[in-house]
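So the structure is just underneath, and the comments pick up after that.
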Amino acid sequence: MKQIHSSDATARSVPGECPRAHGAPVCIGRIRVRPEDFQVEEILGFEPDGSGAHTLVSVRKTGANTDWAARRLARSAGVSVRDVGFAGLKDRHAVTTQWFSIPGAPDLDLDGLGADGLEVIRRVPHGRKLRRGCHAGNRFRIRIRDGHGPEREIEGRLRVISARGVPNYFGPQRFGRDGGNLRLASALASGRKLNRRERGFALSAARSAIFNAVLAERIAEGEWDRLTAGDVAILDGSASWFPVDDVDSELRARLEAFDIHPSGPLWGKGSPPTTGPVREREEAVAGCLPDMADCLVSAGLKQERRALRLPVRGFRWRLGEGEMELEFCLPRGAFATTVLSEILEVAGDPVSQAAELSSR
């Protein structure tokens, strides 16, 4: 295993510096020119109960983030915003469809909500309040405008992504504007007291930084989408994992079918469950990011795992004169920026334009 330097690990942990798996971008273009250029539809992954003490409300919104929509729904229903549940956060500068839960069977002011840009699509009784992370994922529809690049190369890259997936990096919003959340992590490691919100941002950024840096090393060594002895394989769409002692034909077949993926560390106290050179690499990367690792250990977080590879399912595209339309599904916790970065160099400021392209 090659030596890992602190400066390399730090740079490779933040999007913009992370290496790509499939080569340099094959086109340049603009995203988010209009809200409808970025559309996301939440996939619950289960059917509402049809009865119960809550009502699930599917809402389509434009130019509104999830917290604002939840407050507006609470006011319309006459309940506390704390009683309104939702599965994931959705972007403001987009057209998004997501589910909320409201206690009882409220008589919503549909005209008032519509005036605020909230369109109620469906209401169904349900037995439980929605909790964060209970959804399966999101379906994205993204339009890229003013695109420039050889169509043959673009088509080839899209087919590669459809067949092989992309690195499962954490996106730039995890790190805050200009890396502010990473600075919070360093402050937390030095003993500074943070409020609950800041602490959450700091720990999330620290974990994301170590994971991204490990993934970057795996890409550099050509092992981001393959298993080696000492790895921990994670089941697709699950937090369940198992150690890999030997990569046999059965494991290779399951890997090829996207049933399992190699995994990377969500850092915490103790040693990662990997062994041999795989563990050595992960510990070396964490050692190069001591502030990040220290604040996670001090907070008592446990070692967990996340897939290194992200399958891009239902991937469809249309190429036209200066435009590209992409449609794909990602599981919760994945970021559409990881798909776009393997295709596109964003014209202008890529961080500010792409910062909210997530599937949370």
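Here is a check on your reading of the model: is residue 147 farther than 30 Å from residue 321 by Cα and outside any helix (DSSP H, G or I)?
Values: farther than 30 Å from residue 321 by Cα: no; outside any helix (DSSP H, G or I): yes.
Criteria not met by residue 147.
Give the number of residues within the stretch 321-340 that are of a type in the set (D, E, K, R) and either buried (at least 18 other Cβ atoms within 10 Å of the Cβ) or touching a His at 6+ places or on another chain (Cβ under 9 Å) (or both). Spell out the reasoning first.
In the first step, residues of the stretch 321-340 are kept if they are of a type in the set (D, E, K, R); the result is 321, 323, 325, 327, 332.
Filter once more, so that each one left must be either buried (at least 18 other Cβ atoms within 10 Å of the Cβ) or touching a His at 6+ places or on another chain (Cβ under 9 Å) (or both): 332.
So the answer is 1.
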Failed item, numbered, when residue 296 is tested on (1) loosely packed, with under 15 Cβ neighbours inside 10 Å; (2) touching a Phe, Trp or Tyr at 6+ places or on another chain (Cβ under 8 Å): (1)
Cross-chain or 6+ apart pairs with Cβ under 7 Å, the stretch 225-249 first and closer than 30 Å to residue 135 by Cβ and touching a residue at least 12 places away in the same chain (Cβ under 8 Å), then charged (D, E, K, R) and assigned to a loop (DSSP other than H, G, I, E, B): 236/259; 244/231
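Look through the stretch 56-101, keep the residues that are basic (Lys, Arg) and under 22 Å from the mean Cα position of the chain (by Cα), and return whichever of them is farthest from residue 32 (Cα to Cα).
60
Filter the stretch 15-29 for residues that are buried (at least 17 other Cβ atoms within 10 Å of the Cβ) and modelled with pLDDT of 65 or more; which is nearest to residue 266 (Cα to Cα)? Please lay out each step first, then the result.
Narrowing the stretch 15-29 to residues buried (at least 17 other Cβ atoms within 10 Å of the Cβ): 15, 18, 21-22, 25-27, 29.
Pick out the ones that are also modelled with pLDDT of 65 or more and you get 18, 21-22, 25-27, 29.
Details: 18: 17, 21: 21, 22: 24, 25: 28, 26: 31, 27: 33, 29: 33 Å.
The selected residue is 18.
Restricting attention to the stretch 68-84, report how many residues are out of contact with any Leu (no Cβ under 7 Å at 6 or more places or on another chain) and either crowded, with 19+ Cβ neighbours inside 10 Å or more than 10 Å from residue 113 (Cβ to Cβ) (or both). Give the steps one after another, and end with the answer.
Just the residues of the stretch 68-84 that are out of contact with any Leu (no Cβ under 7 Å at 6 or more places or on another chain), to begin with: 68, 70-71, 73-75, 78-83.
Restricting the remaining residues to those that are either crowded, with 19+ Cβ neighbours inside 10 Å or more than 10 Å from residue 113 (Cβ to Cβ) (or both) gives 68, 70-71, 73-74, 78-83.
Counting residues in the stretch 68-84 that are out of contact with any Leu (no Cβ under 7 Å at 6 or more places or on another chain) and either crowded, with 19+ Cβ neighbours inside 10 Å or more than 10 Å from residue 113 (Cβ to Cβ) (or both) gives 11.
For residue 318, state whether it is surrounded by fewer than 18 Cβ atoms within 10 Å (Cβ to Cβ), at pLDDT 95 or above, in contact with a strand residue (DSSP E or B) (Cβ under 9 Å, 6 or more places away or on another chain) and of a type outside the set (Phe, Trp, Tyr).
Yes; evaluated as a whole, the condition is true for this residue.
For residue 36, state whether it is buried (at least 20 other Cβ atoms within 10 Å of the Cβ), at negative phi and acidic (Asp, Glu). If you could, list the steps in order and put the result at the bottom.
Numbers: buried (at least 20 other Cβ atoms within 10 Å of the Cβ): no; at negative phi: yes; acidic (Asp, Glu): yes.
Judged against the criteria, residue 36 is not a match.
Based on what the data block shows, is residue 128 more than 23 Å from the chain's Cα centre (by Cα) and within 30 Å of residue 48 (Cα to Cα)?
Details: more than 23 Å from the chain's Cα centre (by Cα): yes; within 30 Å of residue 48 (Cα to Cα): yes.
When the stated conditions are applied, residue 128 passes them.
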Scan of the stretch 248-274 for residues that are among the small types (Gly, Ala, Ser) and touching a strand residue (DSSP E or B) at 6+ places or on another chain (Cβ under 9 Å), ordered by number: 263, 264, 268, 270
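One line per residue, one yes/no per condition, for (1) over 15 Å from residue 271 (Cα atoms); (2) touching a Leu at 6+ places or on another chain (Cβ under 7 Å); (3) acidic (Asp, Glu); (4) part of a strand (DSSP E or B):
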position	(1), (2), (3), (4)
285	no, no, no, no
293	no, no, no, no
296	no, yes, no, no
305	no, yes, no, yes
314	yes, no, no, yes
318	yes, no, no, yes
325	yes, no, yes, yes
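Tell me, which residue of the stretch 13-72 that is in a loop (DSSP other than H, G, I, E, B) and acidic (Asp, Glu) is nearest to residue 168 (Cα to Cα)? Spell out the reasoning first.
As a first pass, look at the stretch 13-72 and keep what is in a loop (DSSP other than H, G, I, E, B): 13-26, 31-34, 44-53, 63-65.
From what's left, acidic (Asp, Glu): 17, 47, 49.
Numbers: 17: 15, 47: 28, 49: 33 Å.
Among residues in the stretch 13-72 that are in a loop (DSSP other than H, G, I, E, B) and acidic (Asp, Glu), the one nearest to residue 168 (Cα to Cα) is 17.
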Qualifying residue in the stretch 118-127 (condition: at pLDDT 95 or above, surrounded by fewer than 18 Cβ atoms within 10 Å (Cβ to Cβ) and in a loop (DSSP other than H, G, I, E, B)): yes
Some residue of the stretch 275-293 being under 24 Å from residue 199 (Cβ atoms), small (Gly, Ala, Ser), touching a strand residue (DSSP E or B) at 6+ places or on another chain (Cβ under 6 Å) and assigned by TED's automatic domain parsing to the domain that holds residue 213: no
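The values are calculated or read from the model by the stated rules, or taken from the named source; none is laboratory data. Quick caveat: nothing in here was measured; it's all calculated off a predicted structure. Counting neighbours? That spans all protein chains shown, and the Cβs are built from the backbone with ideal geometry, glycine included.
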